[in-house]
Amino acid sequence: MNALAIDTATESLGLCLESRGQRRVLVREAGLQHSEALLPGVATLLEDAGISAAELELVVCCLGPGSFTGIRIGLATAKGLSFAHGLPLVGIANLDALAFRFREYSGVVVPVLAALRRHYYAAVYQNGLKSSEYLALTLEELAAVVRSQPKVLLTGGAATQVYDALRGDEGHPAPRELVLDRGLISTDPIALLELGKLQLASGGVPAVEPQPLYLRKSDAEINRYGG
């Protein structure tokens with residue numbers, strides 16, 4: 001299958017192109033300047049693979065959570081490719097993708113990404129399935145969620161902050177087993193692509209087109225209305 005995955009939800013741009021059984025991956029720090037890096041990155045991967053956008057059979061896009069602007073840029077590009085070439089479009093949360101590599105872990109997996117205003121995005125996964133809502137919590141609130149589990153693997157770009165908070169709080173015991181994935185990635189476009197393919201194979205394309213996953217108000221809304 002010729003398939004493309006796009007992740008622009010964080011400062012890391014993540015792209016993965018699968019073609020003729022080979023995967024080409026591009027991950028770089030874009031500093032939220034995804035509008036400048038996204039299309040050239042896609043063009044480079046397509047050129048390297050020797051195919052055109054019209055030959056794609058699936059587009060997978062990260063829905064967030066993350067940067068409001070970054071998510072909109074990625075989703076608009078994915079929708080444009082889908083509409084222009086009649087391609088199925090599947091949306092996947094980045095937290096799902098970050099947890100996917102550890103779906104065989106016997107405890108719970110908690111991917112963590114930094115949000116603004118000292119908050120963190122996270123979710124809890126067990127046996128490869130999400131067992132919580134998508135969360136936007138303070139460090140203290142998230143540490144309490146993790147502390148309630150006996151066996152935890154932390155992953156994602158902001159996992160170290162939670163790990164250090166748990167290890168440094170002598171007044172509250174950390175989980176019996178606490179593992180830190182030191183890869184500290186904020187994007188996993190390979191897992192994003194794989195989850196998109198699995199969704200397409202199992203349930204097809206959703207009737208409703210993918211929408212951004214926002215867990216908090218934008219800065220403009222906060223500054224205007226508070227909260």
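The values are calculated or read from the model by the stated rules, or taken from the named source; none is laboratory data. It should be emphasised that the depicted structure is a prediction, and the values quoted were computed from it without experimental measurement. All Cβ positions, glycine included, derive from the backbone under ideal geometry; neighbour counts span all protein chains shown. SASA here: full protein model, heavy atoms, side chains in, ligands and nucleic acids out. Shrake-Rupley method; radii C 1.70, N 1.55, O 1.52, S 1.80 Å.
Could you say whether any residue in region 109-123 is over 15 Å from the mean Cα position of the chain (by Cα), over 22 Å from His172 (Cβ atoms) and open to solvent by 30 Å² or more (accessible area, probe 1.4 Å)? Outline the logic, then answer.
From region 109-123, those over 15 Å from the mean Cα position of the chain (by Cα) are 116-119; that's our starting set.
Within this subset, residues satisfying the condition of being over 22 Å from His172 (Cβ atoms) are 116-117.
Checking the rest, the ones that are also open to solvent by 30 Å² or more (accessible area, probe 1.4 Å) come to 116-117.
Yes.
Looking only at residues in region 148-182 that are of a type in the set (Lys, Arg) and at pLDDT below 95, which one is nearest to Ala97 (Cα to Cα)?
Residues of region 148-182 of a type in the set (Lys, Arg): 151, 167, 176, 182.
Narrowing the set further to residues that are at pLDDT below 95 leaves 167, 176, 182.
Values: Arg167: 26, Arg176: 26, Arg182: 16 Å.
Per the stated criteria, the residue is Arg182.
Scan region 158-206 residue by residue and report those that are basic (Lys, Arg) and either over 17 Å from Gly14 (Cβ atoms) or open to solvent by 60 Å² or more (accessible area, probe 1.4 Å) (or both).
Arg167, Arg176, Arg182
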- Query: Which residues, taken from region 58-108, are of a type in the set (Gly, Ala, Ser), open to solvent by less than 20 Å² (accessible area, probe 1.4 Å) and within 30 Å of Glu177 (Cα to Cα)?
  - Reply: Gly64, Gly66, Ala93, Ala97, Ala99, Gly107
- Given the conditions (1) touching a Ser or Thr at 6+ places or on another chain (Cβ under 8 Å); (2) modelled with pLDDT of 95 or more, which single one is not true for Leu142? (1)
- Which is over 30 Å from Ala144 (Cβ atoms) and either at pLDDT 95 or above or among the hydrophobic types (A, V, I, L, M, F, W, C) (or both), of Ala93, Ala114, Ala78, Ala123? Ala78
- Could you list all residues from region 1-39 that are out of contact with any Gly (no Cβ under 9 Å at 6 or more places or on another chain), farther than 20 Å from Val90 by Cβ and either surrounded by 24 or more Cβ atoms within 10 Å (Cβ to Cβ) or of a type in the set (D, E, K, R) (or both)? Glu29, Glu36
